[in-house]
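Visitor: Before I ask anything, let me first share the structure, which is written out below as structure tokens.
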Amino acid sequence: MAVITYRQALHDTLREEMLRDEDVFLIGEEIGVFEGSYKITAGLLKEFGEKRVRDTPIAEEGFVGAAVGAAMLGLRPVVELMTINFSLIALDQIVNHAAKIYGMFGGQTSVPMVLRTPGGGGQQLGATHSQNIELYYAFVPGLKVVAPSTPADAKALLLASIRDNDPVLFLENLALYNTKGEVPDVVEPAEIGKAKVSKPGTDITIIGYSRMAMVAQQVAEQLQADEGINAEVVDLRSLRPLDRETVVESVRKTGCAVIAEDDWLTYGIGAEIAASISDGAFDYLDAPVRRVAAAEVPLPYAKPLERAALPSAESLTTAVHQTLEAVGRRR
């Protein structure tokens, strides 16, 4: 068992999969000579050469389209998009081609490709470089969307994504790259579409993904230590397929739920989770489902305003307190 960063877990997994399968190759902007904007591909050009670590022009539509074609012909491209914001330039290739080719052609060809991309704010990169727009892709049948929050899950889900025969959007978060966690010496591919109860509890369910799953874990541990509130944390890990069953089972047990997400509240991932809770656990609810999300504004550049616009441990803690107070459970 080693303690490594989220960044290192991604790097090591890419290298292991490239060693295991010669059909796996990397493609994206500045991933070779510059070793990637976030240094996740550091050293891989030197080890594997230009044929398998492909630097591209600044042309997302072009290199994502090239990866779709390569996948159709039997290769397994792993595309690095510098941020999820730039995926919008390749929206047609992702939504109308990668996601639909298998179904439109009756399963004659699959598109086994991975689109790795970070999102999220908090880095003072401005509104156009700080979005959480994973909802755009989680909405689309034919795509799979995963969002690991820990180094161990990053490794297990990246293994699964590279080996999957469907296109997978692998969502990272800039705030997670330097976080550390234990990673087993031998990691098996995770099941895409399966959430994880990262902390069992009985008083309330907190649901999150990516960065907000990490924040939910921290808040739950603090609430337990300071106030004796025993919160259960569900880390979604996958947004499509979505593991509604694990969420519903948890809420049926606790009777209360708070959903934490980095995207905007209106039409967000949390709205889908809340609807799923209503469908599967309505009669078990003791209080309305609360959601904690980003302010519905283009994210400000100024640090105090940016911080105020993003969901935080404080705003999540407040939501938990309000929910428990509504049913007289807060100690």
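The values are calculated or read from the model by the stated rules, or taken from the named source; none is laboratory data. Just so it is clear, the model here is predicted, and its values are computed rather than measured. Please note: Cβ atoms are built from the backbone with ideal geometry, for glycine as well, and neighbour counts cover all protein chains shown. Only protein heavy atoms, including side chains, enter the accessible area calculation; ligands, DNA and RNA are left aside. Shrake-Rupley method; radii C 1.70, N 1.55, O 1.52, S 1.80 Å.
Visitor: In cubic angstrom, how much convex hull volume per residue do the alpha carbon atoms of the stretch 120-271 span?
Guide: In the stretch 120-271, the Cα convex hull volume per residue is 127 Å³.
Visitor: Can you list residues whose amide H is under 5 Å from residue 199's amide H, if they're 5+ apart or on another chain and H is modeled 1.01 Å from N?
Guide: 233
Visitor: Can you pull the accessible area of residue 11 for me, 1.4 Å probe, Å² to the nearest 10?
Guide: Around 30 Å² of this residue is reachable by solvent.
Visitor: Next question. Quick check for you: with a 1.4 Å probe and neighbouring chains kept, what is the accessible area per residue of the chain, in Å²? Display every interim value, and only then the final one.
Guide: Values: 14110 Å² over 331 residues.
Here the residues of the chain average 43 Å² of exposed surface.
Visitor: Among 232-242, 299-309, what's the highest-first ranking by average C-beta atoms within 10 angstrom per residue? Show your work: numbers first, answer last.
Guide: Numbers: 232-242: 23.5, 299-309: 14.3.
By packing density, highest mean first, the sequence is 232-242, 299-309.
Visitor: Now a separate question. To check you understand DSSP bridge types, tell me what percent of the beta bridges within the chain (both residues inside) are antiparallel, rounded to 5.
Guide: Numbers: 9 of 41 bridges.
Bridges in the chain are about 20 percent antiparallel.
Visitor: Accessible area of residue 290, 1.4 Å probe, to the nearest 10 Å²?
Guide: 80
Visitor: Rounded, prolate or oblate: pick one for the stretch 260-331, where a ≥ b ≥ c are the square roots of the eigenvalues of its C-alpha gyration tensor, a/c under 1.5 means rounded, and failing that, prolate if a/b is larger than b/c, else oblate. Before the final figure, lay out the partial values.
Guide: Numbers: a/c = 4.23, a/b = 1.56, b/c = 2.72.
Here the stretch 260-331 falls in the oblate category.
Visitor: When only Cα pairs under 8 Å and 6 or more residues apart are kept, what is the percent relative contact order across the chain? Please report the intermediate quantities before stating the final value.
Guide: Details: 733 pairs, mean separation 51.4, N = 331.
So the answer I get is 16 percent.
Visitor: Multiply the residue separation of residue 282 and residue 226 by 0.36 nm, subtract the distance between their alpha-carbon atoms, and state the gained length in nm to one decimal. Before the final figure, lay out the partial values.
Guide: Working: separation 56, 0.36 × 56 = 20.16 nm, distance 3.01 nm.
Residue separation times 0.36 nm, minus the Cα-Cα distance, leaves 17.2 nm.
Visitor: I would also like to ask the following. What FRET efficiency comes out for the pair residue 21/residue 194, r = Cβ-Cβ distance, R0 = 22 Å, nearest 0.05? Don't skip to the end; give the middle numbers.
Guide: Details: r = 23 Å, r/R0 = 1.06.
In this case the efficiency is close to 0.40.
Visitor: For the ranges 166-174, 99-107, what's the packing order if you count other beta-carbon atoms within 10 Å of each residue, average per peptide, and put the highest first? Walk me through the numbers on the way to the answer.
Guide: Values: 166-174: 25.2, 99-107: 14.0.
Going from most to least packed, we get 166-174, 99-107.
Visitor: Which distance in Å, rounded to a whole number, links the C-alpha centroids of the stretch 142-219 and the stretch 23-85?
Guide: 22
Visitor: Using Cα-only point scatterers and the Debye equation, what is log10 of I(q)/I(0) for the stretch 196-327 at each q in 0.12, 0.19, 0.22 Å⁻¹, rounded to two decimals?
Guide: Once normalised to I(0) and log-transformed, intensities are -0.41, -1.02, -1.34.
Visitor: Hey, any idea what % of the chain's accessible area is carbon plus sulfur with a 1.4 Å probe?
Guide: Working: 7560 of 14110 Å².
Ligands and nucleic acids excluded, carbon and sulfur reach 54 percent.
Visitor: I would also like to ask the following. Once Rh is set to the Kirkwood radius over Cα pairs, what Stokes-Einstein translational diffusion coefficient, in µm²/s, holds for the chain at a temperature of 37 °C and a viscosity of 0.692 mPa s? The partial results should precede the final answer.
Guide: Numbers: Rh = 20.3 Å.
Estimated diffusion coefficient is 162 µm²/s.
Visitor: Given a 10 angstrom Cα cut-off, can you work out which residue in 77, 298, 151 is the most mobile in a GNM of the chain?
Guide: 298
Visitor: Let me ask another. Per 10 Å bin, what is the whole-percent P(r) computed from every C-alpha pair distance within the stretch 1-155?
Guide: 10, 39, 39, 11, 1
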